[in-house]
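In what follows, a structure is listed as structure tokens, so that the remarks can point back to it.
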Amino acid sequence: MHQKSTLEVRVKSIIKETATIKRFTLQALNGLKLPPFSGGSHISTHLPKASGTLERSYSVFNLSEPGSIEIAVRLAEPSTGGSEYWHHHVSEGDVLKVSYPKNHFPLSFQAKHHVFYAAGIGITPFLSMMAELSEKNQSFELHYAAKSKEQCAFFDFLNQTYPGLCHFYFSEGENRQRLSAKLLMDHRIGTHVYFCGPDKMIQEFSSAAIRYGYPAFNFHFERFASPVKKDALPFGITLKQSGKHLEVPAERSLLDVLREIGIDVSYSCRVGGCGTCEVKVAEGEIDHYDSFLTDEQRCSNRTMLSCVSRGKGNVLLDL
Amino acid sequence: MFSYVEGKRKLLFCTDSEVDRNLYILVRQALDENVTFEFHILEEESEESFVNQWFHKQKMGAYLYISGKEDFVKRIKDVAMMAGFTEHDMQSLINGPVKKKLICCTCHGVNEVSDQTHVVCVHCGQELEVSDHYSRRLDAYLGYVTIK
Amino acid sequence: MASTEKISAFPYPFVENNVYRYSNNAIPLNPPIAIEVTDSYIEELNLKRGLLKMHPKRCFHSEPHTMDAQWEALDLILNQLAEYYPEKFKLVTNGGHWIFNNLHKGEKQSFTFGDPTTLDREPLDFVGRHVQEDLILMMQRDGDLFLDAGQLCFPANWSLYFDAGMSFKEIHTPIPGFQSASLDERILQFLMRIEAGSPWWRKNWSLMAGNRLDTSLETFAEWGQARKKVTKENVGELVHLRVEVQKLFRLPKSNGILFTIHTHMLPLEQFIKHTPWLEQFSSILQELPDFIADYKGISLYREVVLEYLEKELEKR
Ligand code: HEM
Ligand code: FES
Ligand SMILES: [Zn+2]
């Protein structure tokens with residue numbers, strides 16, 4: 001399958017931010033600079049586990065010298081493998097492969113005011129976003145929930161760098177405070193709000209935003225899709241019009257198989273990026289390996305890009 | 001025509017005339033559904049600073065309807081956008097004639113058109129075909145030269 | 001005018017299909033180079049700079065918020081010039097202090113990266129004067145892409161002044177059939193997903209009567225007349241295949257997209273020397289639907305071209 005170009009990085013330093021969160025500072029190998037990135041960007045990291053390469057995405061920020069990229073990883077319990085690897089198998093000086101920065105969570109351009117809602121490790125995308133806004137002299141505020149001050153990563157940094165703009169909510173200890181979605185009621189017209197945290201928190205804030213009359217245009221959230229596995233398996237297809245049944249072997253693409261029997265599916269890139277080779281799916285489940293379809297299109301199970309994506313079991317195609 | 005948007009916490013109506021009927025149905029519906037609303041008839045241009053303040057103190061969840069003559073709608077819309085409204089939290093409706101600007105592709109001069117398909121550029125004399133290629137930046141359509 | 005070039009270097013625009021329709025024909029760009037320096041470099045650069053001087057409003061436009069992206073574009077292009085054409089260009093960077101040496105043109109410029117007061121033009125306008133490509137910056141704003149800056153000297157009959165500030169779909173409204181089957185929506189979706197480090201490219205083709213590179217919409221009334229002058233006798237010489245090599249790079253800092261356009265031209269009489277090209281192009285032009293031929297401005301002389309191609313085919 002198509003390999004996107006990657007960057008080799010060295011782990012320059014590892015800092016323990018809280019009992020469960022570590023910050024990793026990554027640098028280019030040759031003394032050059034790593035690419036810059038826009039607020040809200042992330043990278044995928046390729047972790048060489050014994051069982052195969054594990055791909056995990058993390059928001060990037062840079063509180064160190066220019067040209068570095070930093071990520072913060074919370075040790076999850078139970079760990080899906082990514083955080084366990086970062087916490088227990090990565091040491092200073094190690095060399096790893098990461099993707100170029102990409103941004104699926106960009107700041108609004110026309111916003112008059114930005115409000116960030118973070119819970120726990122959900123603070124990470126906001127670090128780069130706040131840095132960008134403060135450089136551009138734009139108006140923003142942060143609402144950040146954690147268990148306690150000790151478990152609140154970047155507490156001191158935030159207070160010092162953005163005095164008066166950060167509001168903290170601790171759920172343990174004295175002065176307990178809950179981060180409530182009711183805050184959404186009181187933002188001026190032209191505000192864009194951003195949510196990052198556990199699914200439950202994103203759910204709660206998104207539905208509150210809708211209830212308070214926010215257009216979908218004004219609220220944003222980031223959820224990292226769990227990465228797909230990359231082993232191609234054989235699968236079957238049935239063509240709706242002719243009823244013909246065919247097998248797609250593991251080493252061949254659906255596009256090739258269709259074109260071979262004279263079905264003129266057009267194509268261009270053959271790597272799942274341009275969207276040209278789309279075929280409609282009538283029934284069946286799809287493993288999507290492209291980088292073109294939106295999450296919504298993927299989940300609909302009605303469409304697939306025949307150059308890279310594969311069916312599970314048997315698939316009925318609208319052809 | 002206006003459409004009533006559900007799920008807003010507050011509606012703002014503004015018009016340039018007391019006899020504007022376009023907003024009546026919406027106001028009725030807001031009353032029926034018990035949605036807070038504010039209604040202003042703005043007949044003087046000098047009310048601009050009032051409008052500006054009115055818009056600036058609004059919260060997310062407000063929704064704006066503007067009804068009136070073309071110049072009025074454009075003016076109020078500009079004030080609203082400056083305050084933070086976008087096309088996602090407002091609708092507008094123009095009563096009466098709408099002027100259309102046409103940019104000459106040869107000299108960039110601006111011509112006023114109504115519903116002709118061809119005009120002669122008042123700046124350079126080129127014959128232009130009116131297209132539906134529209135620029136929001138220039139608030140104008142593009143006039144093309146054709147070769148026959 | 002030698003803006004036309006050698007047949008060996010000509011970017012043939014068609015793939016295996018003998019039928020041409022609008023589609024997303026982009027593919028990954030390998031090696032990932034945004035620019036190309038050809039034999040007509042000096043000549044095209046002079047032409048470009050002349051146009052920029054005579055018609056600044058027509059050839060350059062920028063919105064203030066594109067400054068970061070303009071510097072990123074300059075960074076990418078100057079570094080690539082020096083890396084891929086080291087005998088023609090040198091770049092020395094010492095922290096923020098940069099010295100760019102265009103040996104080919106005999107020009108040297110030092111400036112402080114990121115400081116607009118150290119260049120006498122905007123960064124995009126500066127770097128565009130050292131490459132044959134037209135340069136467009138599409139900025140990603142609020143979930144869409146907008147043409148917020150560009151230096152454009154060799155447009156295929158469109159106006160930068162008019163299109164400036166438009167979204168991707170708005171720009172493409174004049175193209176017939178582009179909205180059907182949501183082609184515009186799909187291409188936009190593709191563009192929004194372009195990632196830094198993985199650039200793309202595509203080719204666009206057209207026929208033109210004449211060999212001007214500066215076919216701006218503003219001067220169409222002049223150069224468009226040549227369409228009426230195509231005859232059996234002059235068709236091979238007058239009519240040119242015009243191909244735009246278009247490349248797309250995500251700029252990671254500003255999250256914008258740099259779109260470079262390199263325009264190539266070859267007279268039909270050169271183009272058809274290569275028999276497979278003659279054969280395929282002849283079938284494509286034969287089959288080409290009227291709406292595409294009209295849009296591309298071929299209709300007035302399509303028959304003359306078809307007859308010419310057929311005669312040539314008979315000779316083989
Ligand atoms: C993102 C940067 C792009 C810009 C700034 C751009 C701009 C333009 C412009 C200005 C035109 C001429 C429209 C007119 O007649 O006024 C055009 C034509 C066209 N564009 Fe794009 N475009 C871009 C990307 C693409 C991509 C990725 C595709 C992919 C298929 C595409 C497909 C086309 C096609 C098919 C035409 C018609 C060309 C012809 O028939 O000769 N464009 N584009
Ligand atoms: S051919 Fe490009 S996505 Fe399949
Ligand atoms: Zn004119």
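The values are calculated or read from the model by the stated rules, or taken from the named source; none is laboratory data. All values reported here derive from a predicted model rather than from experimental measurement. Virtual Cβ from ideal backbone geometry, glycine too; neighbours counted across all protein chains shown. When the accessible area is computed, the model is the full protein with side chains, heavy atoms only, and any ligands, DNA or RNA have been set aside. Shrake-Rupley method; radii C 1.70, N 1.55, O 1.52, S 1.80 Å.
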The protein assembly as shown, helix-only ellipticity at 222 nm - DSSP H runs n ≥ 4, -39,500 (n - 2.57), divided by all residues, nearest 500: -7000 deg cm²/dmol
Hits among aspartates and glutamates - C-alpha to C-alpha of B:Lys59 under 17 Å, sequence gap 8 or more where chains match: A:Glu141, A:Asp186, B:Glu6, B:Glu38, B:Glu87, B:Asp89
Crossing angle, helix C:302-315 versus chain C [Cα axis fit, 0-90 degrees, rounded to tens]: 70
No Cys partner within the rule (Cβ under 4.7 Å), chain B: B:Cys14, B:Cys105
Hits among lysines - C-alpha to C-alpha of C:Lys315 under 30 Å, sequence gap 8 or more where chains match: C:Lys6, C:Lys203, C:Lys228, C:Lys229, C:Lys232, C:Lys273, C:Lys296
Cross-link reach list, lysines versus A:Lys97, counting only Cα pairs under 25 Å and skipping chain neighbours closer than eight places: A:Lys4, A:Lys12, A:Lys16, A:Lys22, A:Lys33, A:Lys49, A:Lys229, A:Lys230, C:Lys253
Per-peptide average of other Cβ atoms within 10 Å, ordering A:165-172, A:102-109, C:11-18 highest first: A:102-109, A:165-172, C:11-18
Charge sum, other residues only, whose C-beta stays under 15 Å from A:His143's C-beta, Lys/Arg counted +1 and Asp/Glu -1: -1
Cα shape, the stretch A:235-317, gyration tensor, a/c 1.5 rule: oblate
Label-to-label distance, nm, for residues given as B:His88 and B:Val5 (7 Å Cα→Cβ offset): 1.0
Averaged over A:183-194, number of beta-carbon atoms from partner chains that fall within 10 Å: 5
Placed amide H near B:His133: partners under 5 Å, 5+ positions off or other chain: B:Leu142
Area of C:Met192 that stays accessible when all protein chains are in place (1.4 Å probe, Å², to 10): 50
Shape category assigned to the stretch B:10-94 from the gyration tensor of Cα positions, a/c cut at 1.5: oblate
Sum of side-chain charges, C:Thr219 neighbourhood, beta-carbon under 13 Å (Lys, Arg +1; Asp, Glu -1): -1
Distance between the stretch C:231-278 and the stretch B:1-52 - C-alpha centres, whole angstrom: 55
Greater than 29 Å apart at Cα, pairs in B:Lys10/B:Lys69; C:Lys88/C:Lys247; C:Lys90/C:Lys169: C:Lys90/C:Lys169
Shielding by partners, peptide A:108-120 (average Cβ within 10 angstrom, other chains): 2
Whole-Hz ³J(HN,Hα) from phi, Karplus 6.51 cos²θ - 1.76 cosθ + 1.60, for the stretch B:141-148, glycine and proline x: 9, 9, x, 9, 8, 10, 10, 10
Amide H within-cut-off set for C:Gly256, under 5 Å, with H built and near neighbours excluded: C:Gln140, C:Leu251
Gap separating the Cα centres of the stretch C:1-77 and the stretch A:1-46, nearest whole Å: 33
C:Leu268 - accessible surface, heavy atoms, 1.4 Å probe, Å² rounded to 10: 0
Local electrostatic count at C:Pro174 - Lys and Arg +1, Asp and Glu -1, tallied over other residues with Cβ under 12 Å: -4
Global geometry of the stretch A:1-111, whether rounded, prolate or oblate, following the gyration tensor of its Cα atoms and the 1.5 cut on a/c: rounded
Nearest 10 degrees, 0 to 90: helix C:41-54 Cα axis against chain C principal axis: 80
Sparsely packed GluC sites (Glu not before Pro) within the stretch B:1-76, loop by DSSP, other Cβ within 10 Å at most 15: B:Glu6, B:Glu18, B:Glu33, B:Glu43, B:Glu44
Between 0 and 90°, nearest 10: helix A:124-135 axis offset from chain A longest Cα axis: 60
Shielding score for B:6-14, defined as the mean number of other chain Cβ atoms within 10 Å: 2
Qualifying GluC sites (Glu not before Pro) in the stretch C:232-304, DSSP loop, other Cβ atoms within 10 Å at most 11: C:Glu233
